[in-house]
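One structure is given here, and the rest of the page talks about it.
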Amino acid sequence: MRDDSENSGEIPPETATLPLDAWHRAKGARMVEFAGYWMPIQYEGIMAEHMWVRDSAGLFDVSHMGQLALSGVGAAEALEVLVPGDISALKPGRMRYSLLLAEDGGILDDLMITNEGDQYGIVVNGAVKWDDIGYLRENLPDDITLNHNDDYGLLALQGPKAVDALARLVPEAASLVFMQAMRAEWQGHAIALSRSGYTGEDGFEISLPNEALTAFADALCAEPEVMPIGLGARDSLRLEAGLPLYGHDLDEDIDPVEGDLAFAISKRRREDGGFPGAARILGHLADGSPRKRVGLTIDGKLPVREGAKLFDGNTEIGVVTSGGFAPSVGAPIAMGYVPRGSAEPGTAVAAEVRGKRVPCTVTAMPFIPHRYVRKQGA
């Protein structure tokens, strides 16, 4: 395929800095290495930041994510060869969650795809973005163009008051509903908005040039509803929302049905197939998968974290892939994989923590209701 990126073949540094690195440090952020970048894990404390997002609006810097643009005649159809969604039916200004699949149906990444009218925007996870770019370049036709927009940063404004704060800067943002996107302008800069996010709350993701990030972040944080939020709260928020994290709850050994992501396989693709691993995935849709990602409530106050083994009696049956204290729930929660026969809500299992068996109960996710703003009647 053709590649018009200026950085074609560039090897990223071992630990990179975000465009807003100095801004985070000036705000008192504690920085950690994550997905190849120095990232803010917290400012005032994970618990306080978590609850602020649930009650008001929090600003996250997610510029480590890969922002890609796909263009050319037949771009949607070419992308459909690699993902299980109906991309051809995606209307301009609409977005769709999808999965980049390996030949055997394993998940290489989960991603967001937006029809921007003249191209398709793709946001991929930071930890695997270079692998994704390489995979797309290798598997898309030569007449499809892929750009890596690394001169743009990405901010997420999340929480029930996010729309109030953002609309003062970009009034047209208020017209969007969940999974809609648009282009706009802020102080002479071209920006892209979507009403989406990774917390279970209403909110927006805003893509804008790196040189505008500091001024835009300052403007948002000057609004009374907004404070900066770190990775720690982002993780506890997404866990409560039942949202998987790639590399932890999803990987190339897990297919979409096992990962409880069958909704990403559109009706037409279920009928037509034509995506990697279709035989395995459609077989699991028809007959059930051997294992499934489930939610777990924990008996007691001891957190059950990633890597804890799960047991039915004395038989090891699965593993925890994410877990921790859930501030909005007021108790520890987790998610993990168990056999299909143990995946029904209400099933009792146990997790092994420091040699001790901790009683757990399989539960439906999300752990708290999503509060997305959807189109009326949708």
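Residues in the stretch 61-92 that are of a type in the set (D, E, K, R) and buried (at least 17 other Cβ atoms within 10 Å of the Cβ): ASP61, GLU80, ASP86.
Restricting attention to the stretch 346-377, the residues that are farther than 17 Å from PRO244 by Cα and either touching a residue at least 40 places away in the same chain (Cβ under 8 Å) or in a strand (DSSP E or B) (or both) add up to 17.
Looking at GLU103, is it without any contact (Cβ under 8 Å) to a residue 12 or more places away in the chain, farther than 23 Å from GLY200 by Cα and surrounded by fewer than 17 Cβ atoms within 10 Å (Cβ to Cβ)? So GLU103 fails the test.
Checking each residue in the stretch 244-261 for being of a type in the set (A, V, I, L, M, F, W, C) and in a loop (DSSP other than H, G, I, E, B) picks out LEU245, ILE254, VAL257, LEU261. Cβ separations smaller than 6 Å between residues 6+ apart or across chains give the following pairs from the stretch 154-180 residues that are among the polar types (S, T, N, Q) to residues that are buried (at least 20 other Cβ atoms within 10 Å of the Cβ): GLN158/VAL53; GLN158/GLY58; GLN158/GLY197; GLN158/THR199; GLN158/GLU201; GLN158/GLY203; GLN180/ARG195.
Of GLY273, GLY313, all but one fail to be touching a strand residue (DSSP E or B) at 6+ places or on another chain (Cβ under 9 Å) and at positive phi; the exception is GLY313. Filtered by the rule that a residue be free of Cβ contacts under 8 Å to residues at least 12 places away in the same chain and either under 11 Å from ALA350 (Cβ atoms) or loosely packed, with under 15 Cβ neighbours inside 10 Å (or both), the stretch 280-312 gives ALA286, ASP287. Within this structure, LEU231 fails the test of being buried (at least 19 other Cβ atoms within 10 Å of the Cβ) and not assigned by TED's automatic domain parsing to the domain that holds LEU157. Of the residues making up the stretch 112-161, those that are among the aliphatic types (A, V, I, L, M), in contact with a Gly (Cβ under 9 Å, 6 or more places away or on another chain) and closer than 24 Å to LEU237 by Cβ number 9.
The values are calculated or read from the model by the stated rules, or taken from the named source; none is laboratory data. This one's a predicted model, so the numbers in the text were calculated from it and none came from an experiment. Note that we place each Cβ from the backbone using ideal geometry, even for glycine, and neighbour counts take in every protein chain shown.
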